[in-house]
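Enquirer: Mind having a look at this structure? Questions to follow.
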Amino acid sequence: MRRARGCDNHERADGARAARAVGLLALWLAAACAPPAAPAPHPAVAAVMVPTGAWQRDWIRRHGGAPDGSVTVRYVQTPSVFGDLRIPGDRPDVAPATSLAELTDAQLAALARQNGFAGVTTMAGANATWHHEIDFQPADDDADVGRIEPDGERRMFEHALDGAYVERWSGLERGTGEFFAARVERHGHVDQLLAVAGEHFVYARARAVALPPGASLTELIARTHPARDTLLAYLDCEISYGTTRGWQIERSTLPWLQGKRLAFADRIAVDAGGQPAPRAPAAGEAWSFPVVALAPDPLRALFE
């Protein structure tokens, strides 16, 4: 600092320093007492729409390992109801069998490694929760939640919230607003679900006997050694994927159904008002149609 101007210059400098100190103190106190600013939203929690359409999983990477595409996965999502089917690539051919009863113990053990589920999807920010109402494997107490990361129009990533896996999905069809879902309850439990997006569907039928708790069907069978009749009941859960062109099943947890027509589609009619209705519902069945995003004429073409 320059000191050439005498005593009053020093006094003005001292006064200015004091004023600056008081001002800085006031600013510090104001900042300390002010409410904290709201944090900027993280890109990962930006709102994401339900990933409607038909999807195939390209691969899954667990704990940072190599991508694994050995399981064929098909996932159909309406604005609410969904269905998901997962068939291991090494599942053996069981032809010419036409029922579970015709399979050997080794073939039944192979079918126990399949997976699939159906229910309703909800979104919270970018996190999707798939609420399972029908499960091929024993029900899991942990919520099925994943963070959705859109990657263009026809691709997305799903991330485990704890980082345990990441999956890449490719769109088979967006659905273009054409969605349909049917739900059948029996004795208070969901017995059948159908999810349709565009020309793709997943149909799920629950087994008649509830599974006991277990880490997996394979683990449950190894631990409990069920009688053969019980084992057949454990595996009698149909989850099928296909297209609405003739309602042909392409893949199913019951392999002999592949290439055949989905019988459930023939149980749905369209009334004079253009609304879906069950054909001759069985005793104890309660039908509903939670998603009908089709005009009457396309709906009639779909089911008639």
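Enquirer: Answer yes if at least one residue in region 151-160 is open to solvent by 20 Å² or more (accessible area, probe 1.4 Å), within 29 Å of residue 295 (Cβ to Cβ) and touching a residue at least 12 places away in the same chain (Cβ under 8 Å), and no otherwise.
Expert: For region 151-160, residues open to solvent by 20 Å² or more (accessible area, probe 1.4 Å), within 29 Å of residue 295 (Cβ to Cβ) and touching a residue at least 12 places away in the same chain (Cβ under 8 Å): present.
Enquirer: Of all residues in region 191-220 being acidic (Asp, Glu) and in contact (Cβ under 8 Å) with a residue 24 or more places away in the chain, which is farthest from residue 136 (Cα to Cα)?
Expert: Only one residue tops the list, namely 199.
Enquirer: Do we find that residue 283 is open to solvent by less than 10 Å² (accessible area, probe 1.4 Å) and either in contact with a Ser or Thr (Cβ under 7 Å, 6 or more places away or on another chain) or more than 22 Å from residue 81 (Cβ to Cβ) (or both) in this structure?
Expert: The answer is no for residue 283.
Enquirer: With a cut-off of at least 1 residues that are without any contact (Cβ under 8 Å) to a residue 24 or more places away in the chain, name the strands (runs of 3 or more DSSP E) lying wholly within region 223-278.
Expert: 248-252, 276-278
Enquirer: Go through (1) in contact with a Leu (Cβ under 9 Å, 6 or more places away or on another chain); (2) surrounded by fewer than 19 Cβ atoms within 10 Å (Cβ to Cβ); (3) in a loop (DSSP other than H, G, I, E, B) for residue 137 and report which single condition fails.
Expert: That leaves (2) as the condition not met.
Enquirer: Select from region 140-150 the residues that are modelled with pLDDT under 95 and over 13 Å from the mean Cα position of the chain (by Cα) and write down the one among them that is most open to solvent (accessible area, probe 1.4 Å).
Expert: Ranking the candidates gives 141 first.
Enquirer: Being over 26 Å from residue 58 (Cα atoms) and not small (Gly, Ala, Ser) narrows it down to one residue among 78, 98; which is it?
Expert: 98
Table: residues versus (1) more than 11 Å from the chain's Cα centre (by Cα); (2) open to solvent by less than 50 Å² (accessible area, probe 1.4 Å); (3) among the aliphatic types (A, V, I, L, M).
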| residue | (1), (2), (3) |
| --- | --- |
| 71 | yes, yes, yes |
| 106 | yes, no, yes |
| 111 | yes, yes, yes |
| 128 | no, yes, yes |
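Enquirer: Every residue in region 44-69 that is open to solvent by less than 40 Å² (accessible area, probe 1.4 Å) and not in a strand (DSSP E or B), please.
Expert: Matches in region 44-69: 44, 48, 50, 51, 65.
Enquirer: Also, quick follow-up: From the list 217, 172, 193, 235, which one is open to solvent by less than 20 Å² (accessible area, probe 1.4 Å) and within 26 Å of residue 53 (Cα to Cα)?
Expert: Being open to solvent by less than 20 Å² (accessible area, probe 1.4 Å) and within 26 Å of residue 53 (Cα to Cα) holds for just one of 217, 172, 193, 235, which is 193.
Enquirer: Which ones in region 239-248 are touching a strand residue (DSSP E or B) at 6+ places or on another chain (Cβ under 9 Å) and surrounded by fewer than 23 Cβ atoms within 10 Å (Cβ to Cβ)?
Expert: Scanning region 239-248 gives 243, 244, 246, 247, 248.
Enquirer: Could you tell me whether region 97-109 includes any residue that is of a type in the set (A, V, I, L, M), at pLDDT below 95, part of a helix (DSSP H, G or I) and out of contact with any helix residue (DSSP H, G or I) (no Cβ under 7 Å at 6 or more places or on another chain)?
Expert: no
The values are calculated or read from the model by the stated rules, or taken from the named source; none is laboratory data. Not measured: the values here are computed from a predicted model. Note: ideal-geometry Cβ built from the backbone for every residue, glycine included; neighbour counts use all protein chains shown. We work out accessible area using only protein heavy atoms, side chains counted, and drop any ligands, DNA or RNA first. Shrake-Rupley method; radii C 1.70, N 1.55, O 1.52, S 1.80 Å.
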